[in-house]
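Participant: If you scroll down you'll find the structure; I have some questions about it.
The values are calculated or read from the model by the stated rules, or taken from the named source; none is laboratory data. None of these values were measured; they are calculated from a predicted model. Note: ideal-geometry Cβ built from the backbone for every residue, glycine included; neighbour counts use all protein chains shown. Surface accessibility is based on the protein's heavy atoms, side chains included, excluding ligands, DNA and RNA. Shrake-Rupley method; radii C 1.70, N 1.55, O 1.52, S 1.80 Å.
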Amino acid sequence: QVQLVESGGGLVQPGGSLRLSCAASVSIFSRYAMAWYRQAPGKQRELVARITTGGTTNYADSVKGRFTISRDNAKNAVYLQMNSLKPEDTAVYYCNRPHLLWDWGQGTQVTVSS
C-alpha cells in the first residue's frame, strides 16, 4: 500500500505563513499527479491545489495567489507553501492524487487564529 505522511502544520496568526510537506512511499513518484486537500469540521473535503506530472499547477479560487504547490520527485515529496493565511484556511490538510486516490494519510492540522 502507498503510505502518505503529511507534516508542517501548526498554529499561526492571520497573515502568517506555513510550509506543508507530504512524503509518499511509492516508486516512480514522477508518474503521478499530486494534490493537496483540506477538510474543516462539518465541511466536505476540498481540493485546494494540484500539480501534474509535467509541473503544471492549479488552485482553488479561495487560495489562488496565496498558496503554491511544488514537488521534488527525487524525494517523493510534494509541498504546499501557504502565505497570507486566513482563519478560513483552518482545516486538516491532506495530500493525495487528484484522481485514482490512494488511502488517506492522517493529515496535518493548520489552525489560523489570533
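Participant: In what sequence, largest accessible area first, do 114, 27 appear using a 1.4 Å probe? Intermediate values should be presented prior to the final figure.
Facilitator: On the way: 114 135, 27 85 Å².
Highest to lowest solvent-accessible surface, that is 114, 27.
Participant: Return the sequence-ordered ³J(HN,Hα) values of the stretch 104-114 in whole Hz as given by the Karplus equation 6.51 cos²θ - 1.76 cosθ + 1.60 applied to θ = phi - 60°, using x for Gly and Pro.
Facilitator: The phi angles translate into 5, x, 7, x, 9, 7, 10, 10, 10, 7, 8 Hz.
Participant: Give a residue-ordered list of calculated ³J(HN,Hα) values for the stretch 62-78 (Karplus: 6.51 cos²θ - 1.76 cosθ + 1.60, θ = phi - 60°; whole Hz; x for Gly, Pro).
Facilitator: 5, 10, 4, x, 10, 10, 9, 9, 8, 9, 10, 5, 5, 9, 6, 10, 10
Participant: So, one more: Order the following by accessible area, largest value first: 38, 31. Probe radius 1.4 Å; ligands, DNA and RNA are ignored.
Facilitator: Details: 38 15, 31 145 Å².
From most accessible down to least: 31, 38.
Participant: Right, next: How many nm is it between the label spots at residue 53 and residue 31, if each spot is 7 Å from the Cα in line with the beta carbon?
Facilitator: Taking the simple label geometry, residue 53 and residue 31 are separated by 0.9 nm.
Participant: Under 5 Å between amide H atoms, partner at least 5 residues away or on a different chain: which partners does residue 62 have, H built in plane at 1.01 Å?
Facilitator: Here the answer is none, since no amide H 5 or more places off falls under 5 Å of that of residue 62.
Participant: Of the accessible area of the chain, with the probe set at 1.4 angstrom, what percent is carbon plus sulfur?
Facilitator: 47 percent
Participant: While we're on this one: For 89, 72, write out the residues from largest to smallest accessible area, computed with a 1.4 angstrom probe and no ligands counted.
Facilitator: Details: 89 0, 72 45 Å².
Ranked list, largest accessible area first: 72, 89.
Participant: How much of residue 26 can a 1.4 Å solvent probe reach, expressed as accessible area in Å² and rounded to 10?
Facilitator: Counting only protein heavy atoms, residue 26 exposes about 20 Å² to solvent.
Participant: Over all directions, how big on average is the projection of the convex hull of the alpha-carbon atoms in the chain, in square nanometres? Each step should come with its number before you reach the end.
Facilitator: Details: hull surface 26.4 nm².
Projected over every direction and averaged, the Cα hull of the chain covers 6.6 nm².
Participant: Can you list residues whose amide H is under 5 Å from residue 67's amide H, if they're 5+ apart or on another chain and H is modeled 1.01 Å from N?
Facilitator: 83
Participant: Here is a further query. Tell me, what ³J(HN,Hα) does each residue in the stretch 34-46 have, in order and in whole Hz, if you take phi through Karplus 6.51 cos²θ - 1.76 cosθ + 1.60 with θ = phi - 60° and put x for Gly and Pro?
Facilitator: Values, residue by residue: 9, 8, 10, 10, 9, 9, 9, x, x, 10, 6, 5, 10 Hz.
Participant: Turning to a different aspect of this structure: Using a cut-off of 17 Å between alpha-carbon atoms, which lysines can reach residue 64, once sequence neighbours fewer than 8 places away in the same chain are excluded?
Facilitator: The qualifying lysines are 86.
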